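Novice: To start, I am sharing the structure in question, which I have written as structure tokens.
Each reported figure results from applying straightforward, stated rules to the coordinates on display, with no laboratory input. It should be emphasised that the depicted structure is a prediction, and the values quoted were computed from it without experimental measurement. Here the Cβ positions follow ideal geometry from the backbone for every residue, glycine too, while neighbour counts run over all protein chains shown.
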2 protein chains.
Amino acid sequence: MTRRGPGRRAGDSGTREAIAEAARGQFAEHGYRGATIRAIAAAAGVDPALVHHYYGTKEALFAAAMRLPIVPSEVLTAALAPSAGLDGFGAHLVRTALTLWESDGLRETFLGLLRSAVTSEQAAVMLREFIADSILGTVARVAGLPAADGQAEYRAAMVATQMLGLALTRLVLRLPAVADVSIEELAATVGPSVERYLTGDLAMPARQARIASRRPG
Amino acid sequence: MTRRGPGRRAGDSGTREAIAEAARGQFAEHGYRGATIRAIAAAAGVDPALVHHYYGTKEALFAAAMRLPIVPSEVLTAALAPSAGLDGFGAHLVRTALTLWESDGLRETFLGLLRSAVTSEQAAVMLREFIADSILGTVARVAGLPAADGQAEYRAAMVATQMLGLALTRLVLRLPAVADVSIEELAATVGPSVERYLTGDLAMPARQARIASRRPG
DNA sequence: GGCATAATTCAACACTTGTAGAGTTCAACG
DNA sequence: CGTTGAACTCTACAAGTGTTGAATTATGCC
């Protein structure tokens, strides 16, 4: 929203991105249903019809706004590579994820995805596939787990369980005991649990092979 | 919804409970915003105006429908008492909670609360206070943690973190690797993590006392 | 029987929602 | 200058929302 008024050339449209940014903010705060086109337009200082002009439908706007500005697997790989020794790996993962989630560029997207996934089937599919396809595999790989093994997906899923619970209680529910504590402290507390899921001696479910053999996308 | 048609005496109104039950189902499936009075009325086989006649406003209906049919602290205490030996206590807690959440009487209420809390501030307050006031203390007490100690609340909160993450991925997101596994298997995998939070040697946050001294209600 | 009373429905209001198309403004280009 | 074309706004529609008050139906009590 640098300059107002019509008359820009193609490619100059900062307004388009301003709308997307406003949309991210609204989706993050109210979820898919709660974020109205009118509120998004107001937040962007723009007529509601312009939102529709650029993005067509609300679903399309959501999909566009939730497109990540990073490639998760690359960021995860880069951020976690230094501690390849696997010692303190769990804490490092917690620290990395929390820092990422609370960073300026990603907070809105992640919160929007999380808030929307709980009530919108479209968003739920996005988040589920995103986790299954981009996160679980990367975590398993970076952690050095054997691929093509049912155990890897199960272990990574348990990590997701703990990490999403952390995000839910800290960012959404804001439980004081979780929200008022530093990332470092949470990493120290939760890290070992995550590490146990990845490398510990778990009693593995018998028929895990069926789950591991799902189509990747 | 035993008998249809008007003309019942006071106290006979099974329709009132039928509406509440339909409301629970809708709130569980769509969250607070997504559950419409009209849909609730339709699910109960009743005119929308009757919903308003009985409960006044949508908020009141939500509050009434989400009132638990049990006293959580009692159920938790009773269910967890047998394993007071603290051996396998974590697994027992996971098993108890998951079984409770997936039981007929509570599934809708819990899911509705969870789904709504993520998008409705009113519901978020309900769930947060419910967890903080009824759950954390009970878990800490049953686990034999010293009361009036900042550590107790922090430990219980970490447990909540893991348990809610489990609920989110299994019941709401339905991540295959978590949803397609038996409660027993999850208890065996997650139990030890929970146990570590309760009795393990955690690096405690320094200023935890401030959090522990919040007003209870 | 008639009467009070509760249960239930009808019809409608006032508002918000996503969406659509026609119209307006303005910079760039010839 | 006039034309073009994109950025942008106005107005509006059709559907859905919570909510309301009057009307209707049936029951138990006298």
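Novice: In Å and on Cα atoms, what radius of gyration and Dmax does segment B:23-143 show?
Specialist: 16.5, 54
Novice: To continue, here is another question. What FRET efficiency comes out for the pair A:T199/A:D133, r = Cβ-Cβ distance, R0 = 30 Å, nearest 0.05?
Specialist: My answer for the efficiency is 0.85.
Novice: Based on other C-beta atoms within 10 Å, arrange A:R67, A:R155, B:R107 from fewest to most.
Specialist: A:R67, B:R107, A:R155
Novice: For the pair A:E102 and B:E184, how long in nm is the line joining their label points, each one 7 Å along Cα→Cβ?
Specialist: 4.1 nm
Novice: Grab the beta carbon distance between A:A81 and B:E121, set R0 = 30 Å, and tell me the FRET efficiency rounded to 0.05.
Specialist: It comes out at approximately 0.15.
Novice: Suppose R0 equals 22 Å; then what is the FRET efficiency for A:A42 and A:A63 from their Cβ-Cβ distance, rounded to the nearest 0.05?
Specialist: Computed FRET efficiency for A:A42 and A:A63: 0.55.
Novice: Please compute the average number of Cβ atoms from other chains found within 10 Å of each residue's Cβ in peptide B:110-123.
Specialist: Averaged over the peptide's residues, the number is 3.
Novice: Still on this structure, please answer the following. What is the ratio of the Cα radius of gyration of segment B:83-147 to 2.2 N^0.38 Å, where N is its residue count, to two decimals?
Specialist: It is 1.28.
Novice: Take A:S182, A:S120 and order them by how many other Cβ atoms sit within 10 Å, fewest up front.
Specialist: With the fewest neighbours first, A:S182, A:S120 line up as A:S182, A:S120.
Novice: From the C-alpha gyration tensor of segment B:23-92, pull out the three semi-axes of the equivalent ellipsoid (sqrt of 5λ each), sorted largest to smallest, in whole Å. Numbers along the way, then the final one.
Specialist: Values: eigenvalues 278, 31, 16 Å².
Computed over segment B:23-92, the values are 37, 12, 9 Å.
Novice: In which sequence would B:T169, B:T15 go, from the one with the fewest C-beta neighbours within 10 Å to the one with the most?
Specialist: Ascending number of Cβ neighbours within 10 Å: B:T15, B:T169.
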